[in-house]
Amino acid sequence: MKINDTINNFLEELTSIKRYSVNTIVSYKTDLRNFNNYCDEYSKENLDQVTEKFIKTYLMQLSEENKSKKSIARNLASIRGLFKFAYSNNHLDFNPTLNISNPKSEKKLPEIINEKSIEEIYKIIEKYEKNPFLVKCIIEILYGCALRVSELCNLNFLDIDLDRNTLRVLGKGNKVRIVPIGSKSKVIINEYIANNKSWNSNNPFLVNKNNKRIYPRMVHRLVNKYLSQVTDIKKKSPHIFRHSAATHMLDRGADLRAVKELLGHENLSTTQIYTHVSVERLKSTYKKSHPKS
């Protein structure tokens, strides 16, 4: 079967049957049209003319064109999708992409802010917010309990146990974990509760001025607003507080497995990236302050 015809059929399936988003379809279309042009250059008109070696050669060309590893991986994913589709529909006897590995991704260390910046945020909130208790509580739980923004927004009053100083968190994959509440976090949480007239055990814990549950976009806006005033890091998202919490705990000697449980990570390898952040901070401190640096 002709490569161009297969691409058209594959894109039609993604659009009509799988109902992928418009942006995803555009990405697939761009990647596969470029691959088809490369095939034309080498007179490969039919699917069965394309070998594993030929696809690898194409990926090497992308690398020589200084395409990022992320871009190359995306192109490979598009080509994989095409050949999986062709094989599943009996247009091919063998899928040449089966043994092609993704390029090793460039792991970027998560950006963090220091403890002093967090204290500064609280001062700014007190100065400018009509309802500082809600905003402070949002940031305190993001940082003090190292929650994801979705976990924060989904908290209910029943999840807060101030007698035991714990939060019940519904994390990824609907997995429940118990997170400790520190003494300083407890003060801010109590202030929020004392100033929240809609307190009810069945209600959402964090609500906006209309008494509705807070939502991720609102939290992103608030966090971006205040991070912009204390740091110049590029990505000013709620996750910065989670990254910072994990790094600060490891800086102070926390056990890696304990941090893994606190964050609700499935694998220890996910948590280990924060050890690299701590090492980099240590190196930076050494270079700035040690006479032999």
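Read-outs: derived from the displayed coordinates by stated rules, not from any lab. Please read these numbers as outputs of a predicted model, since none were measured by experiment. When we count neighbours, we look across all protein chains shown, and the Cβ atoms used for this are built from the backbone with ideal geometry, even at glycine.
Dipole size of segment 115-238 about its Cα centre, with +1 on Lys/Arg Cβ and -1 on Asp/Glu Cβ: approximately 500 debye, rounded to the nearest 20.
Shown for the chain are the DSSP H helices of 30 Å or more along their axis, judged by Cα atoms, with a mean Kyte-Doolittle hydropathy of at least -1.0: 268-289. Peptide packing: for 183-191, 148-156, the average count of neighbouring Cβ atoms within 10 Å per residue gives the ranking 148-156, 183-191, highest mean first. Match the structure shown to one of the listed values (i) 19.5, 60; (ii) 18.6, 57; (iii) 25.1, 74 of Rg and Dmax of the Cα atoms in Å, computed from it, and give that label. Label of the calculated value: (iii). For residue 171, the residues whose modelled amide H falls within less than 5 Å of its own, excluding neighbours fewer than 5 places apart on the same chain, are 176, 177.
Positive end of the dipole of the chain (Cβ unit charges, origin at the Cα centre): among 34, 156, 174, the Cα lying farthest that way belongs to 156.
The calculated FRET efficiency for the pair residue 33 and residue 94, based on their C-beta separation and a Förster distance of 25 Å, comes to about 0.55. Ordered by the number of other Cβ atoms lying within 10 Å of each residue's own Cβ, fewest first, 242, 217, 74 fall into the sequence 217, 74, 242. Each 5 Å bin from zero holds the following percent of Cα-Cα pairs in segment 115-238: 2, 10, 22, 26, 21, 13, 5, 1. Averaging sequence separations of C-alpha pairs under 8 Å and six or more residues apart, then dividing by the length of the chain, give the relative contact order as a whole percent. Relative contact order comes out at 16 percent. Relative contact order for segment 60-111: 37 percent, from Cα pairs under 8 Å spaced at least 6 residues apart, divided by residue count.
Between residue 211 and residue 267, the contour length at 0.36 nm per residue exceeds the alpha carbon distance by 16.4 nm. Of all the options 274, 28, 226, the one that moves most in a Gaussian network model of the chain with Cα springs shorter than 10 angstrom is 28. Note on the chain: with charges restricted to the Cβ of Lys and Arg (+1) and Asp and Glu (-1), its dipole about the Cα centre is near 940 debye. Here, P(r) means the percent of Cα pairs in each 5 Å bin from 0 to the largest distance; for segment 3-88 it is 3, 14, 27, 27, 17, 10, 2, 0.
Placing pseudo-labels 7 Å out from each Cα toward the beta carbon at residue 46 and residue 104 gives an inter-label distance of 4.0 nm. Across 47, 222, 167, mean-square fluctuation computed from a Gaussian network of the chain (C-alpha pairs under 10 Å connected) peaks at 47. Here each label is just a point 7 Å from Cα along the line to Cβ, and for residue 174 and residue 252 those points are 3.6 nm apart. Within the listed set 58, 122, 192, the residue fluctuating most in the Gaussian network model of the chain (springs between alpha-carbon atoms under 10 angstrom) is 58. Charged neighbours of residue 156, selected by a Cβ distance under 14 Å, balance to 0 (K, R count +1; D, E count -1). Maximal additional length on extending the residue 232-residue 129 stretch stands at 34.9 nm, based on 0.36 nm per residue less the C-alpha distance. Computed from the C-beta positions of residue 57 and residue 224, the FRET efficiency with R₀ = 35 Å rounds to 0.20.
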